[in-house]
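S.K.: Please see the structure below; I have some questions.
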Amino acid sequence: MARRRQHDEHVNHERWLVSYADFITLLFAFFVVMYSISSINEGKYKVISEALVGVFTDTDRSLKPIPIGDERPKTVTPAKPLVKDSDQVDAGVSGASDPLKSIADDISAAFGDLISSNQMTVRGNELWVEIELNSSLLFGSGDAMPSDIAFNIIDKVAAILKPFDNPIHVEGFTDDQPIRTAQYPTNWELSSARSASIVRMLAMQGVNPGRLASVGYGEFQPVANNATAEGRARNRRVVLVVSRNLDVRRSLTGTGTANAQPDAALKRAGTQTAPTPVKSPGRENAVNSPSPALTR
């Protein structure tokens, strides 16, 4: 009986299409990743980068060692008062070494182009200096994420403010156009977030965080008429206020620099030291001593 002839298996000459399809898919994914990297927001990247650098370069924090024996003072020089007497302040205001005048002069010299184009305004008096910036120069519409230009501006401002010890607070203002988003339900949140962003950028650039504060006034302190586009643009602003001392800053944040005037009362608050509170005799013992009814 004749053996059945085995038929040769059909060779698949199209197997290369599978590998080719896999290659095209990987190539497409590669270009998608490259495009997403190339379109990254430089401002957000710098915020993340500065935060990571601060974490990894921060000095080690350790508890203060318990001293054994009498601890000697590090210096015998008496501490300087935080707030000068009125005579000393009045004499220093007109002097060439006045920090407020130095800050105003340095800002004016560093940002002459922005000042000439009315995008920045520098003004002040013997008690504080205001550095006003248009919000459109720092943020996008309805957003509190700083732009790339904002980083360049605040970096220069921080370098000027860093050597001084004057308190600084940042004021945020908006126009009267309502905003209702999940992140910013009202203009209060938007103005506060913008001022806090500037404060955080100053701290990232080395300005002592203990000197800084932020406040948002929303649309309630306009400097122009909101009925026109030009007026609304002027009202959307951020103001960096450098105060002579903490008393001045506390007085300004209560009213806002748009309504504050260096009148006699504010001058006294800024040039005189705060009175020391007087304790009633025996009050401390009365508070700390246990009640006879609770004594066992």
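S.K.: For region 119-212, which trypsin sites (Lys or Arg not before Pro) pass both filters: DSSP loop (anything but H, G, I, E, B) and at most 10 other C-beta atoms within 10 Å?
M.R.: Hits after loop and neighbour filter: Arg180.
S.K.: Same structure again: Enter the accessible area of Met145 (Å², nearest 10), with the probe set to 1.4 Å and all protein chains included.
M.R.: Roll a 1.4 Å probe over it and Met145 shows about 60 Å².
S.K.: Okay, moving on. What do the square roots of 5 times the Cα gyration tensor eigenvalues come to for region 91-196, in whole Å, largest first, as semi-axes of the equivalent ellipsoid?
M.R.: Each semi-axis is √(5λ); the values are 29, 15, 12 Å.
The values are calculated or read from the model by the stated rules, or taken from the named source; none is laboratory data. If you're wondering where the values come from, they're calculated on a predicted model, not measured in any experiment. All Cβ positions, even for glycine, are placed from backbone atoms using ideal geometry, and neighbour counts span all protein chains on display. Ligands, DNA and RNA are excluded from the accessible area calculation, which covers all protein heavy atoms including side chains. Shrake-Rupley method; radii C 1.70, N 1.55, O 1.52, S 1.80 Å.
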